[in-house]
Each structure stands twice: as C-alpha cells, then as structure tokens.
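Have a look at the structure below before the remarks.
Nothing in this text is a laboratory measurement; each read-out follows from the coordinates by a stated rule. None of the values given here were measured: they were computed from a predicted structure. Cβ placement follows ideal geometry from the backbone for every residue including glycine, while neighbour counts extend to all protein chains displayed.
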Amino acid sequence: MTAIEKALNERILILDGAMGTMIQRHTLEEEDFRGEHFKDHKSPLKGNNDLLSLTRPDIIKDIHRQYFKAGADIAETNTFSATTIAMEDYNLEDAVYDLNFQSAKIAREVADEFLATEPNKPRFVAGSMGPTNKTASLSPDVNNPGFRAVTFNDLKTAYKQQAKALMEGGADLLLVETVFDTLNAKAALFAIQEAFEEIGNKIPVMISGTITDASGRTLSGQTTEAFLISVSHVPLLSVGLNCALGAKQLRPYLQVLAQKSNFHVSAHPNAGLPNEFGEYDETPEMMAAQIEDFLKENLINIIGGCCGTTPDHIKAIAEMASKYEPRKMFLEL
C-alpha cells in the first residue's frame, strides 16, 4: 500500500486550488514569461502559465506554499498544458521535458519543506496532465465531420513524454484531469502504462472528467457512468470530476460516481459559475457550505478546487472536511 493509499483510508485528502487564478494575481508582462530561457524566442509567450516554472519559479513555489499552508495534502504541478501538442501554439515543443521535470521538482521541494516540519502529515505531488487543446473524437471542421486534428498515437506520444518527465521530476502520482474527450484520456492512460514499463516503476493514477453543461455529459457526449466505465479497465487510485461547474451543479454527477465506482472519488469544482466578466464570485464560505453536502452524503475521498479557487477557499474546505469521514470503499460493483 502506497503512502497516499494509507492516507486515503484515514481521512479525506485535500487537493489544492486553481493555479491560473493565483498567477493572475500577479501583474506579469511578456518579460516574465520569457526570462533568460526564452529571451529571443520568435513567438509571443505572455499567458503561457506553464513557462513560469522555468522563468519565474519563485511565483510557482509561493503558490504551492500558500496552498499547503491552507491545508492542502496534494499539490498539482504547473503542467496543465505542458505537452508538445499544446505547446505547438507557442513553438515550444522542445521545452516540454524541462517544463514537466522542473514543475514536478518545484512542487516536490515545497512538499518536502512542509513534510520536514510536519512529518506526520505527508504532502503529495500530483503531476497534472491536462486534456490538450485538441480532441480525438470530434472534428474541428463543421464541414468535414471525419477530420481529426490529432490522432490517438499523437496523443499517446505526447502524454508518455509528459508522464516520464513528471515522474523523473519527483511526482508521487499522475492526475489526468479536465477530461472533455475520453479518447484523449484513454491515450493518456495508455501512455502512462507504457511509461511505467519503460521506467520500471509505477505510481498511482488519478483521473478527473469534466461535465460541460446541464446536459450532464462530457463534450464528447458521455454520461458520467459511461465515462467511468470507459476508464475502469485501468487500476486507478481515484476517479472524479472537476471544472466547468460549481459544487452545487456537480453534486448529482458525483453521486453517480460514488454509487458506481470502486475507486476513490475526487472532486475539484469551480468557485461557482463565472459571471458576465468571466470572474468567480463564490466566497470560500459559500463553496465550503455546498461541499459539506458532499461530505454529509459520503460522496468523496479527495476534495479541492478548480477555476476561481484560492488558498482561502482551500482553507475553508479543509476545515470543513476535517469534520467528516472519507467515503467508504466497497469490494464489488
């Protein structure tokens, strides 16, 4: 049994909050994203948050520290878009290994800082593997429904590179997150298994899907139960849902996972739904109160926050979660 599996048997674990939301608190310019590494790079780089692990590691370290201080048990690496597929937009495919390795290393260093002061409360690093900016199931061209902008093998190759770099940088587990297309996710899971074989080591794997709207389906059309069935062939640490919806809207779909899954269940919802300016108005107290419904119903084992969440949100959620027992696992579906 791994350390995180042991911890999950004892309590609800707290995942950190939004990286992008915290980065936006800083007034960053093009030079911050370029640094010395990419001073002469030919493409604009402002807004490529993953690059900050190389050019402004002080900011990323501080964000990890704030979340751990707020009560997080698990820090996600700053690698949501760190694949060759997503980085192609910036002509930065060659930087992908370093982005993942250094991001994992940064999170590992901060986790170890907290572990040194609180050895009885382990901190974990989750290698964040986002969905990329392309979909293998749907055509981006309405006039050519058979066209695909990316293939399964393209995705597998990109995800394997990312997984290996995250593991070599010190990640304790891998988190395939914000899954809007399960075929993309299946490529990631296949790539991870290949990476495990090549490295000769395995670490736990989490997966988290995204219900895109009130239809209760992913962008590629699957219901929550269909998504669960599609990924259940892999020995997962947890299956969960994140992004797109706030805690209140996410609840019925988490109920499905809690009832149907024999994996641990995770959730990191947004701080409500965005307002007309794209901002999130839900306070930490409001979000924690809604998440208490998850806890009362024994729906989750891992809880955190996605878009709009901050250390204050995570602190409120952690304090609420400490009063409840984790969802109990069962032996047969």
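Within the same chain, lysines fewer than 8 places from residue 69 are excluded, and of the rest, those with a Cα less than 18 Å from its Cα are 61, 121, 315. The packing ranking of peptides 101-112, 47-58, highest mean first, is 101-112, 47-58, where packing means the average number of other beta carbon atoms within 10 angstrom of each residue.
In the chain, helical runs assigned H by DSSP with n ≥ 4 each contribute -39500 (n - 2.57); averaged across all residues and rounded to the nearest 500, the mean residue ellipticity at 222 nm is -13000 deg cm²/dmol. Annotation: amide H of residue 179 within the under-5 Å range of 208, 209, 210, sequence separation 5 or more or interchain, hydrogens built in the peptide plane. When peptides 261-270, 88-97 are ranked by their average number of other Cβ atoms within 10 Å per residue, the highest-first order is 261-270, 88-97. Ranked by the mean number of other Cβ atoms within 10 Å per residue, highest first, peptides 244-252, 313-321 order as 313-321, 244-252. The shape of segment 3-321 can be summarised by an equivalent ellipsoid whose semi-axes, obtained from the alpha carbon gyration tensor, come to 26, 24, 20 Å from longest to shortest.
Which residues does a label at residue 279 reach in segment 26-54, if reach means a backbone N under 15 Å from a point 7 Å past the Cα toward the Cβ? Under cut-off, by backbone N: 26. Residue by residue, segment 142-155 carries 3J(HN,Hα) couplings of 4, 8, 9, x, x, 6, 10, 7, 8, 9, 4, 5, 4, 5 Hz when phi is fed to the Karplus relation 6.51 cos²θ - 1.76 cosθ + 1.60 (θ = phi - 60°); x denotes Gly or Pro.
Between residue 121 and residue 137, the contour length at 0.36 nm per residue exceeds the alpha carbon distance by 1.6 nm. Extension gain for residue 323 to residue 112 (0.36 nm times residue separation, less C-alpha to C-alpha distance): 73.3 nm. For segment 126-257, what does the alpha-carbon gyration tensor say about shape, rounded, prolate or oblate, given a ≥ b ≥ c as the root eigenvalues, a/c under 1.5 as rounded, and a/b over b/c as prolate? Because a/c hits 1.5 or more and a/b fails to exceed b/c, segment 126-257 counts as oblate. Relative to its residue count, segment 1-122 spans a Cα convex hull of 113 Å³ per residue.
Sticking with the crude label model, points 7 Å out along Cα→Cβ, report the distance from residue 42 to residue 153 in nm, one decimal please. Between residue 42 and residue 153, the label points sit 2.7 nm apart.
For the pair residue 69 and residue 6 in one chain, pulling the backbone fully straight at 0.36 nm per residue adds 20.5 nm over the alpha carbon distance.
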